[in-house]
Amino acid sequence: MKNLLAALAAVGVILWLAAPAHAAGRGPAIRHVLVISIDGLHATDLQHYLAAHQHSTLATLAADGVQYTDAHAAVPADSFPGLLGMMTGGTPAVTGVYFDVSYDRDLASSEADCKLGRQGTRVAFDEAADGRDRRTLDPARLPHRPGSCTPVYPHDYLRTNTVFNVVHDAGGHTAWIDKHPVYEILDGPDGHGIDDLYTPEIGGDYEGSTAAPHDHITGSIQRTERYDSLKADALLNQIDGWTHDHAGRAPVPTLFGMNMQAVNVAQKLAGYADARGAPTPGLTDALAHCDTLLGRMRQALQQHGLLDSTLFVVTAKHGNAPIDQRLLRHIEKKALAQTVAAAAPHGLAQLTADQGALVWLHDRAEAARVAAALRAAPASLGIRKVIAGADVARYFGAGGNDPRTPDLVVMPQPGVIYGKPDDRKLAEHGGFDDDDTHVALLLSNPQLPRRGQSLTMPVSTTQLAPTMLAALGLSAQRLQAVRTLHTPTLPELVWDRP
């Protein structure tokens, strides 16, 4: 009987996915959710653009949507925690992912180290994990699991399921497009969340091979815009009922989307015109290009009769800091490492630093001594605050013995970026302040009951995960992180089903 009920429930979900899009007198019947992360897009960026471009696609989406003007991304405000927050409803304490490059005390760095019983390794889930073809991952570059000594892929590393897992298990078709092969992490722990994944490497050229640093896509706003167009073309194939590469027919995804990088790159290369966030011409151009791509997506949905049944989500995994260029100050990451080493010789296990810093030590007992050394040099190291030891676990809400929790968190003074001595970037992410975390959040559908409104209550982008499932008529309780953290849906939205 239990198996029969399960089978009937599955059939019911599939029938719902194919049901008519509308019912008289009801709210929007959402059949598709399209998520666009315009990485770097602050809430102020969106407001500036809407004010100056009242006939843009973003203005049209805003007129048909609800804006949350006090939305914040998960911290640290990096791509992995930010995106996983949106797609799981969880923070790093629950997902187990604190940054794209982090540390795990229980894993081994290689199969050889694993067989020797050596544990504790840097976990690099960025382009460093790419295979030679830049399209797949190299198992030898991944951490290894004790016991079996098998490689740990990003999706294995993630501790919670994703919205893609929930939608896929309910019979929906899922797709995602992003910037590195490691974004297969969204497949979730079972490895089967995404039906159509496309991850062209942004760290190389368009064919996926290694490019010289000065030729990297992100070395130019225009090259990054072309890269975003490449990915948008793949998404348009999906709207047209094909796989991303147009190799075969496929259902229009129930849940799909992509990230755009041009704004992120423009913030780093062109910056802002003033402290209030007025865009420079380079940033304006990047925003306009993103708007054009959104317009193509909206037009394609309209042509296929899908606009009324699609929920558009426009947000960002993270912002970038500083907005006020007068605050910009580059400090060598090496200076942080040297301070740690002076306090705890041979004690540094991993230092991850951008617009903030996470520190892992070989011996956690040394955290207080290292923290004292860092706090003793606030001016030279640009430090505003150091969190250490058990306070780090409390800050993130993590378990006290989690092998992945950092031992120290360094929060810099406004405008400080930790990096290389010759770094000329005007902004960076990975921190904890508003410029890093205060992102745009716009949900749009022509039938939303509160369309055209801006809501000022504080919200988190982690609330997107349960909200997207609610829009699709699926229980948010199917998400492990939502159950653990009791993550609510976004306020003031009502999803009626026919």
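Of note:
- Subset of Lys317/Lys420; Lys333/Lys385; Lys231/Lys268; Lys115/Lys333; Lys115/Lys179 violating a 26 Å alpha-carbon distance limit: Lys115/Lys333; Lys115/Lys179
- Scattering profile of the stretch 127-186 at q = 0.12, 0.17 Å⁻¹ [log10 I(q)/I(0), Debye over alpha-carbon scatterers]: -0.36, -0.67
- Computed [θ] at 222 nm, deg cm²/dmol, the chain (DSSP H ≥ 4; -39,500 (n - 2.57); rounded to nearest 500): -9000 deg cm²/dmol
- Both the radius of gyration and Dmax for the stretch 45-117 are 19.8, 63 Å, in that order, over alpha-carbon atoms.
- Approximate spin-label separation Asp70-Arg118, in nm, with each point projected 7 Å along Cα-to-Cβ: 5.1
- Mean projection of the Cα convex hull over all viewing directions, computed for the stretch 56-168: 9.9 nm².
- Seen from all directions on average, the chain presents a Cα convex hull projection of 23.6 nm².
- When the solvent-accessible area of the chain is split by element, carbon and sulfur atoms take up 53 percent of it, the probe being 1.4 Å.
- When both bridge partners sit in the chain, DSSP labels roughly 55% of those beta bridges antiparallel.
- Residues in the stretch 159-207 average 27 Å² of solvent-accessible surface per residue, probe 1.4 Å, ligands and nucleic acids excluded.
- The distance between label points at Ala275 and Asp190 comes to 5.2 nm (points 7 Å beyond Cα on the Cα→Cβ vector).
- Estimated at the nearest 10 Å², the accessible area of Phe256 is 0 Å² with a 1.4 Å probe.
- Evaluating kT/(6 pi eta Rh) at 10 °C and 1.306 mPa s, with the Kirkwood radius of the stretch 235-290 over Cα pairs in the Stokes-Einstein relation, gives 119 µm² s⁻¹.
- Each 5 Å bin, from zero up to the one with the longest distance, holds this percent of the alpha carbon pairs of the stretch 263-379: 2, 9, 14, 13, 10, 10, 11, 10, 8, 6, 4, 3, 1.
- Pairwise Cα inverse-distance average, inverted: Kirkwood Rh of the stretch 121-162 (Å): 11.0
- With the convex hull drawn around the C-alpha atoms of the stretch 300-451, the volume per residue stands at 170 Å³.
- FRET efficiency for Asp138 and Arg226, using Cβ-Cβ distance with R0 set to 25 Å, rounded to 0.05: 0.40
- Once the Cα-Cα distance is subtracted from the 0.36 nm per residue extended length, the Thr150 to Asp240 segment shows a gain of 28.5 nm.
- Percentage, to the nearest whole number, of Cα pairs in the stretch 356-420 over 21 Å apart: 22
- Placed amide H near Val152: partners under 5 Å, 5+ positions off or other chain: His144, Arg145
- Close amide H contacts of Leu455 (hydrogens built in the peptide plane, cut-off under 5 Å, sequence separation of 5 or more or a different chain): Gln67, Tyr68, Thr69.
- Taking all protein chains as shown and a probe of 1.4 angstrom, Thr489 keeps an accessible surface of around 60 Å².
- Cysteines in the chain lacking a second Cys C-beta under 4.7 Å: Cys290
- Ratio Rg/Rh, restricted to the stretch 40-87 and using Cα atoms, in which Rh is the Kirkwood radius: 1.05
- Beyond 18 Å, the tail of the calculated P(r) for the stretch 412-498 holds 59 percent of the Cα pairs.
The values are calculated or read from the model by the stated rules, or taken from the named source; none is laboratory data. Keep in mind that what you see is a predicted model, and the values were worked out from it rather than measured. Here Cβ is always computed from backbone atoms with ideal geometry, including for glycine, and neighbour counts include all displayed protein chains. In case anyone asks, the SASA skips ligands and DNA or RNA and just uses the protein heavy atoms, side chains included. Shrake-Rupley method; radii C 1.70, N 1.55, O 1.52, S 1.80 Å.
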